[in-house]
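To keep things clear, I will list the structure first and then write my remarks on it.
What follows draws every value from the coordinates through simple rules; no lab data is involved. Because the structure is predicted, anything quoted here is derived from the model rather than measured. Note that we place each Cβ from the backbone using ideal geometry, even for glycine, and neighbour counts take in every protein chain shown.
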There are 2 protein chains.
Amino acid sequence: MRWAATYFPILDWGRRYDRSVLTNDLLAALIVTIMLIPQSLAYAMLAGLPPEVGLYASILPLVAYAIFGTSRTLSVGPVAVVSLMTASAIGEVAAQGTAGYLEAAVLLALISGVMLLAMGLLRLGFLANFLSHPVISGFITASGILIAASQLKYFLGVKIGGDTFYEIIAELGLRAGETNLYALGIGSGVLAFLYFVRLRLKTLLMSRGLGLRPADMITKAGPVLAVAATIAIAVMFDLGAKGVALVGTIPQGLPVPGLPAIDLELVRTLAVPALLISLIGFVESVSVAQTLAAKRRQRIVPDQELIGLGAANIAAGISSGYPVTGGFARSVVNFDAGAVTPAAGVFTSAGISLATLFLTPYLANLPQATLAATIIVAVLSLVDFSIIRRVWIYSKADFSAMAATILGTLFWGVEPGVVLGVVLSLVLHLYRTSRPHMAVVGNVSGTEHFRNIDRHTVATTPEILSIRVDESLYFANSRYLEDRIAELVAERPAVRHVVLMCSAVNAIDASALESLEEINHRLHDAGITLHLSEVKGPVMDRLKCSDFLEKLSGRIYLSQYEAMQDLGGDSDGIADSAAQVPSVIPGVRQ
Amino acid sequence: MRWAATYFPILDWGRRYDRSVLTNDLLAALIVTIMLIPQSLAYAMLAGLPPEVGLYASILPLVAYAIFGTSRTLSVGPVAVVSLMTASAIGEVAAQGTAGYLEAAVLLALISGVMLLAMGLLRLGFLANFLSHPVISGFITASGILIAASQLKYFLGVKIGGDTFYEIIAELGLRAGETNLYALGIGSGVLAFLYFVRLRLKTLLMSRGLGLRPADMITKAGPVLAVAATIAIAVMFDLGAKGVALVGTIPQGLPVPGLPAIDLELVRTLAVPALLISLIGFVESVSVAQTLAAKRRQRIVPDQELIGLGAANIAAGISSGYPVTGGFARSVVNFDAGAVTPAAGVFTSAGISLATLFLTPYLANLPQATLAATIIVAVLSLVDFSIIRRVWIYSKADFSAMAATILGTLFWGVEPGVVLGVVLSLVLHLYRTSRPHMAVVGNVSGTEHFRNIDRHTVATTPEILSIRVDESLYFANSRYLEDRIAELVAERPAVRHVVLMCSAVNAIDASALESLEEINHRLHDAGITLHLSEVKGPVMDRLKCSDFLEKLSGRIYLSQYEAMQDLGGDSDGIADSAAQVPSVIPGVRQ
């Protein structure tokens, strides 16, 4: 049942499950659950959704991923960037707070799940390669800034709209006068507390003699402490009556599984955002999973990850959730807490279910400013300006793709930002490869070697032009090949033979083949014979599938040296092998 | 004044202009003018425009190209494929026959001209590389079929709508009962005559003793004869009164130069079609120009061609024309008729002006079926099914891009067809390069060579994994590199060192750099040291711009052999150079 083991990794690890693993997984699940409760509420708020949707998205998707995913320790659920992208996508089709908005979010998860599943089954994971690293990091940095800015309204306790950085800042400026000082106090207090926890608490605890592990765990519980404390404050001082926005009543009980309403027009509208969410979620998730798997020398299978994430999103789509993916922070906590198998995810899912059933009444008085502060702390850790500088120093082309993504995301929108970055990286890649290095070569006297005439002292003859192409030939550079050869020939009126040295050509696609045919034809019209030398085996096999070899006015030589000897370009060669040299009359051979 | 000579090629050839060249150019211009009159009317009809617009597009644009173009013999003006694309683009924004339709066509020429000019000045000609040969040929074949089908309505003398092949054929079927037999007679007669002229007349004339040149010229005049004869027939039998559609009154006089009305909303709508028209027109035009230039060992400069075609289209846009480009048939006639310089284009322009002033009254009675027949004959020569088979045999990936273009163009539309083809070729290119060939290598005993362990008998040690990557590393394959190395390491628990042999790596972009950093980091977490060997000079220079070399847990070796000796993998090496081998403790070096 190799097939089953491939598509259901659970059959592999499930078989060897024992009590010690169970203990580890249960402990990890407990810790992750505590961390996930505030996080799920916060990210749902970021996506503009009711808080329970965040909890729902942390239940069934985890079970689905545990069955199909290949990472042992990846923790799947709502994450910041995908929540922002969800808000942006469904904000286009419905107003926040309406039933249509919620339905669209659930449908988005389902579409994204089906797309991921299809990509997994069709082995289309390579599509994620369209997203280069600079585009992804630029996008994540810009998203972090955008998310942090969008949360400021909860600090000020004002209601504003706006999707782009500029709009958000402009609206905040207009409404700053309406600031609710209680909300601002709660927000700033939590923010300061969380930064203290993150930056100082661990060292402090350890200096008091606590071990690394428990110190770490207490530090991770910081957001939960903040939640508990601010609920208490809100109740004590009746902040709700003083205009501080609270989370409000969260329906108790689990989501009823069922397909969302499927409106085909809406599916069409959401298709592109769903694809972007799927790809970006996949790339991020695989990157986290790879990093964790490497620490224990485990393997993750990217194509199966598509299936795992697809299943998780379909699960979100049929249980009133919204798009999910593998999150960095939660997965690291899961890993550090000692999770051994995806069963930890199943237990976490059970933990969140219990919380949804029994804990929600206590969360009604949670100030939204508390959640906003946890979001800001989480996303600002995603913002990485140093990488911008590093990419600038390393490659201007990559930098411009990154800069376009950042500026596009901040000032134009989340989707246009990504699309702009992807298009620009493709254009730049095409530009880079469209002008392959081509050298006119000559013979190094006394050897069989040929080198660039511009860099070495080599022997050439005016009748023969030898050109080495240092790149595979394909559609992006085939026209340059035509132009360049035409140029080189036009500069050398004495040329009667052109020899194309193909030692670095790994492939010739149909475009390049047609260009070679054109070059052959044009050179023939000009009375020049075209030859190839050092054609690699696979390339030669491919050329035999065409009629190029019959049409070629000249010959294919095994080596450039042989070509020169045959064509009479090597003076040594001529002397040595005059008998073998055929009399080549330009244009007559064809 | 090198600058001026680059941007104004006329300064180069104009300086050496003399009487003999003048005679040649004048004769060529006369022949081309005769050919262009029916062609201009026909292509305007194909674009859904009044006939005079075709004539206007053959006046000022030719002068503009003569000033800025680098081809000596390219003949610019209305062509079939661009006329079809024009009809498709402006059919979206206005109804045929309205003033808005005409205005949109003129504006389209202006936008396209500005785009071409901008691309030329910014040296963006490489953007045309997005259009692979299979996509272009597929598109032209599909366009040819579509155009031929769209002309059948003039044969039947019925009025139908429909943009896609299916719609046209379905409508024709419905209206076949309304066929006007006179129109059918004229159309079929002209079609038969033109095919006779094209396939037989030249041989016939030559067998009667006529020289190749005059026989050729008479053959080229076939369409003009058909025009004259059918005008005579239409007048004689008063076909207009019998329901045969005639060209009708053509305004006498030249277009008054002036900017068209610029509606920004319309500009936005037409931007994408204008870009596609520009790129396809450019690719076709450069290909014709290169072919002709090669015959005389002249050079054309693609970036300057963008400027030339841009100027021609701007000229069309300010003289009530519509998008133009370099045409194959007309350029070949120009070349064969002996044109030496672009001055022939200026004289042709004068010829068309005279025709517009004095000949138009005689064209009013020309049956549209005659023009339809000339179009069909012209475009069916563009349809090339053999290339489909050749590409199928040569490369399935290229074939699928071509097939998608053909089917998309025929059954979805002109623009979606091209876009589909371009996107598919990019996706397939990315797929092809996303999994570069990687070989685990071992030492060929007694040599310093390393070869693929799957193909050769080589020595390896379990602690050292040597991997050769046969491709430049960039965003499309950087994640595969991560996955593949993780996979290879996971299979080999004894591995302590990974050596990446970079002899075939010509470039490492920022994505690949980040992947290498990740690989280094993950291997380090797993207690494995990463080394590189045989890194090329330019790649090494680039890596020095990053902190990768400091972070690298292992070392950079000049050769793979040196790496194996140092790391103790080569048993010979160990014995010989035990003193030099440092004691490498995994993970400690960093």
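Okay, here's what the table says:
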{"read-out": "Shielding of B:121-127 by partner chains, average beta-carbon count, 10 Å", "value": "3"}
{"read-out": "Two-decimal Rg to Rh for the range B:208-328 - Kirkwood Rh, Cα set", "value": "1.09"}
{"read-out": "Average partner coverage of B:295-302, which counts Cβ from other chains inside 10 Å", "value": "5"}
{"read-out": "Antiparallel DSSP beta bridges within the protein assembly as shown, as percent of all bridges there, nearest 5", "value": "45"}
{"read-out": "Charge dipole magnitude, Cβ of K and R +1, D and E -1 - the range B:220-310, Cα centre, debye nearest 20", "value": "520"}
{"read-out": "Pseudo-label separations to other copies for A:ALA232 - Cα-to-Cβ vector, 7 Å, nm", "value": "10.9"}
{"read-out": "Order of B:LYS202, A:LYS544, B:LYS220, B:LYS295 - criterion: other Cβ atoms within 10 Å of each residue's Cβ, fewest first", "value": "A:LYS544, B:LYS295, B:LYS202, B:LYS220"}
{"read-out": "Charge context of A:MET35, other residues only, Cβ under 9 angstrom, K/R +1, D/E -1", "value": "+2"}
{"read-out": "Alpha carbon centroid spacing (whole Å) that separates the range A:366-416 from the range A:161-175", "value": "18"}
{"read-out": "Rounded FRET efficiency, nearest 0.05, which uses the C-beta distance separating B:ASP384 from B:LEU488 and R0 of 41 Å", "value": "0.35"}
{"read-out": "Mean separation of Cα contacts under 8 Å, 6 or more apart, over the residue count of the range B:2-426: relative contact order %", "value": "38"}
{"read-out": "Using θ = phi - 60° and Karplus 6.51 cos²θ - 1.76 cosθ + 1.60, couplings along the range B:50-61 (whole Hz; Gly, Pro as x)", "value": "x, x, 5, 5, x, 5, 4, 5, 9, 10, 4, x"}
{"read-out": "Cβ-based exposure ranking for B:VAL332, A:VAL81, in which fewest neighbours within 10 Å come first", "value": "B:VAL332, A:VAL81"}
{"read-out": "Exposure proxy ranking, count of Cβ atoms within 10 Å, fewest first, for B:HIS429, B:HIS456", "value": "B:HIS456, B:HIS429"}
{"read-out": "Along chain B, longest interval not containing exposed chymotrypsin sites (Phe, Trp or Tyr not before Pro), exposed being DSSP loop plus at most 14 other Cβ atoms within 10 Å", "value": "B:238-590"}
{"read-out": "Whether the range A:1-55 is rounded, prolate or oblate, judged on the alpha carbon gyration tensor where a/c under 1.5 counts as rounded", "value": "oblate"}
{"read-out": "Whole-number percent relative contact order across the range B:243-394, with pairs defined as alpha carbons under 8 Å at least 6 apart", "value": "44"}
{"read-out": "Dipole axis of the range A:427-471 (+1 Lys, Arg; -1 Asp, Glu on Cβ), positive-most option in A:ASN452, A:PRO462, A:LEU430", "value": "A:LEU430"}
{"read-out": "Sequence ranges A:516-526, B:313-323, ranked by mean other-Cβ count within 10 angstrom, highest first", "value": "B:313-323, A:516-526"}
{"read-out": "Set of aspartates and glutamates with alpha-carbon distance to B:LYS159 below 15 Å, sequence-local pairs under 8 removed", "value": "B:GLU167, B:GLU171, B:GLU178"}
{"read-out": "Listed residue pairs exceeding 32 Å between alpha carbons, taken from A:LYS202/B:LYS544; A:LYS202/A:LYS396; B:LYS153/B:LYS396; A:LYS396/A:LYS536; A:LYS536/B:LYS396", "value": "A:LYS202/B:LYS544; A:LYS202/A:LYS396; B:LYS153/B:LYS396; A:LYS396/A:LYS536"}
{"read-out": "Note, ³J(HN,Hα) from phi for the range B:494-499, Karplus 6.51, -1.76, 1.60, rounded to Hz, x at Gly and Pro", "value": "7, 5, 10, 10, 10, 10"}
{"read-out": "The range B:2-426 - charge dipole about Cα centre, Lys and Arg +1 at Cβ, Asp and Glu -1, debye rounded to 20", "value": "1440"}
{"read-out": "Tensor-based shape of the range A:199-273 (alpha-carbon gyration tensor, a/c under 1.5 rounded, otherwise prolate or oblate)", "value": "oblate"}
{"read-out": "Residue-averaged beta-carbon neighbours from other chains (10 angstrom radius) around A:395-406", "value": "2"}
{"read-out": "Cβ-based net charge around B:ASN180, under 13 Å, with every Lys or Arg adding one and every Asp or Glu removing one", "value": "+3"}
{"read-out": "Isotropically averaged projected area of the range B:438-576, using the convex hull of Cα atoms (one quarter of hull area), nm²", "value": "7.8"}
{"read-out": "Lys/Arg +1, Asp/Glu -1 at C-beta; the protein assembly as shown dipole; positive extreme among B:SER88, B:LEU276, B:LEU22", "value": "B:LEU22"}
{"read-out": "In Å, descending, principal axis extents of the Cα set of the range B:292-418", "value": "53, 42, 29"}
{"read-out": "Descending semi-axes in Å of chain B, equivalent ellipsoid built from Cα gyration tensor", "value": "62, 26, 22"}
{"read-out": "Normalised contact order of the range B:438-576, rounded percent, pairs of Cα under 8 Å and 6 or more residues apart", "value": "23"}
{"read-out": "The protein assembly as shown: radius of gyration over Cα atoms, expressed as a fraction of 2.2 N^0.38 Å", "value": "1.09"}
{"read-out": "For the axis carrying chain A to chain B: nearest C-beta residue of A, whole Å", "value": "A:LEU426, 3"}
{"read-out": "Cα-centre dipole for the protein assembly as shown with unit charges at Cβ (Lys and Arg positive, Asp and Glu negative), debye to 20", "value": "120"}
